[in-house]
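S.K.: Questions regarding the structure given below will be posed in turn.
What follows is calculated from the coordinates using simple rules that are stated; it is not laboratory data. This one's a predicted model, so the numbers in the text were calculated from it and none came from an experiment. Don't worry about glycine lacking a Cβ; one is built from the backbone with ideal geometry, like all the others, and counts go over all protein chains shown.
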Amino acid sequence: MIEFNNVSKVYASNGVHALDNVSLKIDKGEMVFIVGASGAGKSTFLKLIMREEKPTSGSIIVNNMHLEKMRRGKVPYLRRTMGIVFQDFRLISKMTVYENVAFAMRCVGKKNDAIKKRVPYILELVGLADKAQDHPSELSGGEQQRVSLARALVNNPEMIIADEPTGNIDPEMSYEIIELLSEINKRGTTVLIVTHEHELVKSFGKRVITIDDGRVVSDTADDRFVVI
Ligand code: ADP
Ligand code: ADP
């Protein structure tokens, strides 16, 4: 669950008002698209949720944690409740698909027995069971993004945050990635997707939050959202 109450963010270095008095709530189990032009404030919104940035004013609650007063030492606990998918995949090129996903479990101290059960299950879920021993460079962009999704999912997070997940892959594959995120959402995980791809967004009929110049200008569950 995500709750923003009158959140503003001004970057001290240049005085830019990246977010201006944003209040919204995203419930557990929702699937939400965040859209808006370049510079609108979408990345800032995600950075505040991940506690990469702190708000200048207002309060933020994510998965029952109050972020504006959270100590640095607690941030890893917050991050463990979220799986993050990046536009540029960020896979480890020297590792196989299997190892990339297993590594995420090793990082949080999971035992080998658990890893050996969980990784094949997750690779099956994202349709990559037959690619387990391949390296990222041997895969298509869409497949690499599915590895990245497997890695985000493997520790069973409460929410998946995807920042332009289809930005580096071709259109047919893009649909599959969002479809997969939708399947994951149906299993109960909250899904938040930042994207530029309006047509793709429309075809899913989910909640769409439009940000323009640091403000939420539209928040709707149908396809009549404002296109900027
Ligand atoms: P979007 O993700 O929608 O493109 P951003 O959140 O990245 O938008 O940016 C919103 C505004 O904040 C822009 O004017 C951008 O230049 C500014 N901004 C973003 N990050 C920083 C930063 N670290 N320092 C200063 N200004 C920033
Ligand atoms: P260790 O126990 O030393 O961590 P494993 O026996 O789990 O190593 O795995 C050795 C290698 O075999 C891994 O690096 C991985 O590439 C591969 N591997 C293990 N289990 C599977 C599996 N179920 N599916 C695909 N590859 C696997």
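S.K.: May I ask for log10 I(q)/I(0) of the chain at q = 0.08, 0.12 Å⁻¹, from a Debye sum over the Cα atoms as equal point scatterers with solvent left out?
M.R.: Calculated log10 I(q)/I(0) at the listed q: -0.29, -0.66.
S.K.: Hey, which of these cross-link pairs are over 32 Å Cα-Cα: LYS74/LYS117; LYS110/LYS186; LYS9/LYS116; LYS28/LYS117?
M.R.: Going by Cα-Cα distance, LYS9/LYS116 fall outside the 32 Å limit.
S.K.: How high is the FRET efficiency from ARG80 to GLU172, r the C-beta distance, R0 41 Å, rounded to 0.05? Numbers along the way, then the final one.
M.R.: Details: r = 33 Å, r/R0 = 0.82.
The computed FRET efficiency comes out at 0.75.
S.K.: A follow-up question, please. Applying 1/(1 + (r/R0)^6) with R0 = 22 Å to the Cβ-Cβ distance of ASP134 and GLU179, what FRET efficiency is obtained, to the nearest 0.05?
M.R.: It comes out at approximately 0.50.
S.K.: While we're on this one: At 222 nm, what value in deg cm²/dmol follows for the chain if DSSP H runs of at least 4 each add -39500 (n - 2.57) and the sum is divided by all its residues, to the nearest 500? Please report the intermediate quantities before stating the final value.
M.R.: Details: 7 runs with 74 residues, N = 228.
Rounded to the nearest 500, it is -9500 deg cm²/dmol.
S.K.: On to the next question. Just check the range 168-223 against the gyration tensor rule for me: Cα atoms, a ≥ b ≥ c as the square roots of the eigenvalues, rounded for a/c under 1.5, and otherwise prolate or oblate depending on whether a/b exceeds b/c.
M.R.: Judged from the Cα gyration tensor, the range 168-223 comes out oblate (a/c at least 1.5, b/c at or above a/b).
S.K.: Still on this structure, I have one more. Using a 10 Å cut-off around each Cβ, can you sort ARG106, ARG151 from fewest to most neighbouring Cβ atoms? Display every interim value, and only then the final one.
M.R.: Numbers: ARG106 12, ARG151 26.
Ordered from fewest to most neighbouring Cβ atoms within 10 Å, ARG106, ARG151 come out as ARG106, ARG151.
S.K.: Given an 8 Å cut-off on Cα distances and at least 6 residues of separation, report the relative contact order of the chain as a percent.
M.R.: 28
S.K.: If you don't mind, there's one more thing I want to ask. Taking the Cα centre of the range 1-59 as origin, sum charge times position over the Cβ atoms of Lys and Arg (+1) and Asp and Glu (-1), and report the length of that vector in debye to the nearest 20.
M.R.: Rounded to the nearest 20 debye, it is 100 debye.
S.K.: Counting DSSP beta bridges with both partners in the range 136-222, what percentage is antiparallel, nearest 5?
M.R.: Around 50 percent of the beta bridges assigned by DSSP in the range 136-222 are antiparallel ones.
S.K.: When GLU183, GLU176 are ordered from fewest to most other Cβ atoms inside 10 Å of their Cβ, what list results? Walk me through the numbers on the way to the answer.
M.R.: Details: GLU183 13, GLU176 16.
Placing the least packed residue first, the sequence is GLU183, GLU176.
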